[in-house]
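Okay, so here's the structure we're looking at.
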Amino acid sequence: MGTNKRANFSQHSNGRRAFETGFDEFVQRCTRLQLLKYSADDASCLNLNRVATPNVLGIDMNDLNDADFRITRTIFDENRRNVACSQNFKTTHNGLIPALIDETVLTWTLMRRLGDTLVYLGERGDTVLIQIAGTIDNSIFQGHILIDKNLFSEAWSEISGSEVMLVNVPESEVERTKILLSQALHMFGIRVMTTNERMRLFYSVTDTYLTIFLTLGGLGLLLGIFSFVIVVRKNLLARTREISLYRSLGFNEKRLQNLLYNENIIIPLSAIFAGSLLSLFGVFFGFGNVSIWVLLMAVLFLIGFVCSVIIFVKATVKTYLQNT
């Protein structure tokens, strides 16, 4: 029994040593981006409440510039490709700390504009003023604002540890890295999430909104079709005596059919044109993010819907004249 215990202990020691060696090798070959964090409010799409002070992340702006995050707009008059590593984001301006924020968070969650100022509480009860100086494309930083780590340390010097860390590894080693980090740092309560999983989490909320809007739009379209059918039929039934008068005056069936068709097709085609025009105006600023196949499908649907309306009006008018 003593031999078995020594063997198990030896195997356990060897396994632990191999694990530590593998973890050390991983740390040496991977690329890491460490971020300081001041916890405030979650401003991502996962929080449905309106947020005034998002979480703040302190980051080395040079590292951010070397990454693939793309800056879209800034208040500084310079080339935005170099804006992250410029001195404008590393120094205060009239007591304001410049910050980067996700474009969608700025527009829909904060409902602020570029150049607005956010007010935070410092470590000594003083006021920390952060100016929204630039925006980045939709990214994993959604729900946070980014400032230079040196300016972060001046505002909150008591926060020194990296609460958030980004690790860049080859795609083939993502799952292995996730397991390795979870096992090595589980005693610190670490939560490991891939960038794909985090973006999928954000997009699931967006997909839910789109599904709701699509359902409501479908119900509106269905009600519109029923209303259109009722109006056309009621209009034809209300003109029975008028049609009899036209016939007594010598109007032939072809002329009556064209007359009734032209009168009943104007309103639905005008409604379709007005609705399409307003829809295009509503999504005008988002055309750059729409796939060509989605636009093609929308155009084909519109053409099919117009053809269906024309065929229905013609068939309804023809049937009505045959039965009267």
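The values are calculated or read from the model by the stated rules, or taken from the named source; none is laboratory data. Just so it is clear, the model here is predicted, and its values are computed rather than measured. Note that we place each Cβ from the backbone using ideal geometry, even for glycine, and neighbour counts take in every protein chain shown.
Observations, loosely collected:
Each row is one residue, and each column tells you yes or no for (1) touching a Cys at 6+ places or on another chain (Cβ under 6 Å); (2) under 26 Å from Gly304 (Cβ atoms); (3) in the same structural domain as Val313 (by TED's automatic domain parsing); (4) of a type outside the set (Val, Ile, Thr).
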position	(1), (2), (3), (4)
Glu173	no, no, no, yes
Arg191	no, no, no, yes
Gly217	no, yes, yes, yes
Leu221	no, yes, yes, yes
Phe228	no, yes, yes, yes
Leu236	no, yes, yes, yes
Gly250	no, no, yes, yes
Ala271	no, yes, yes, yes
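A quick yes/no check of all residues on (1) more than 12 Å from Ile97 (Cβ to Cβ); (2) surrounded by fewer than 22 Cβ atoms within 10 Å (Cβ to Cβ); (3) touching a helix residue (DSSP H, G or I) at 6+ places or on another chain (Cβ under 8 Å):
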| position | (1), (2), (3) |
| --- | --- |
| Trp108 | yes, yes, no |
| Arg113 | yes, yes, yes |
| Tyr120 | no, yes, yes |
| Glu123 | yes, yes, yes |
| Asp148 | no, no, yes |
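- Count of the range 150-160 residues which are buried (at least 18 other Cβ atoms within 10 Å of the Cβ) and either of a type in the set (Asp, Glu) or modelled with pLDDT under 90 (or both): 2
Conditions tested, residue by residue: (1) exposed (fewer than 13 other Cβ atoms within 10 Å of the Cβ); (2) within 30 Å of Val169 (Cα to Cα).
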| position | (1), (2) |
| --- | --- |
| Arg200 | yes, yes |
| Leu219 | yes, no |
| Ile265 | no, no |
| Ser270 | yes, no |
| Lys314 | no, no |
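- Test: residue in the range 260-273 that is hydrophobic (A, V, I, L, M, F, W, C), touching a Ser or Thr at 6+ places or on another chain (Cβ under 7 Å) and either within 30 Å of Leu166 (Cβ to Cβ) or without any contact (Cβ under 8 Å) to a residue 40 or more places away in the chain (or both): no
- Criterion violated by Glu163 - all others in (1) assigned by TED's automatic domain parsing to the domain that holds Leu57; (2) modelled with pLDDT of 80 or more satisfied: (2)
- Flag: Ile212 matches the condition of being hydrophobic (A, V, I, L, M, F, W, C), closer than 26 Å to Trp108 by Cβ and modelled with pLDDT of 85 or more.
- Residue match in the range 314-323 (condition: at pLDDT 85 or above, β-branched (Val, Ile, Thr) and touching a helix residue (DSSP H, G or I) at 6+ places or on another chain (Cβ under 7 Å)): yes
- For the range 176-210, the tally of residues that are part of a helix (DSSP H, G or I), of a type outside the set (Asp, Glu) and closer than 19 Å to Cys30 by Cβ stands at 14.
- Residue match in the range 288-304 (condition: surrounded by 10 or more Cβ atoms within 10 Å (Cβ to Cβ), part of a helix (DSSP H, G or I) and either in contact with a helix residue (DSSP H, G or I) (Cβ under 7 Å, 6 or more places away or on another chain) or assigned by TED's automatic domain parsing to the domain that holds Ser139 (or both)): yes
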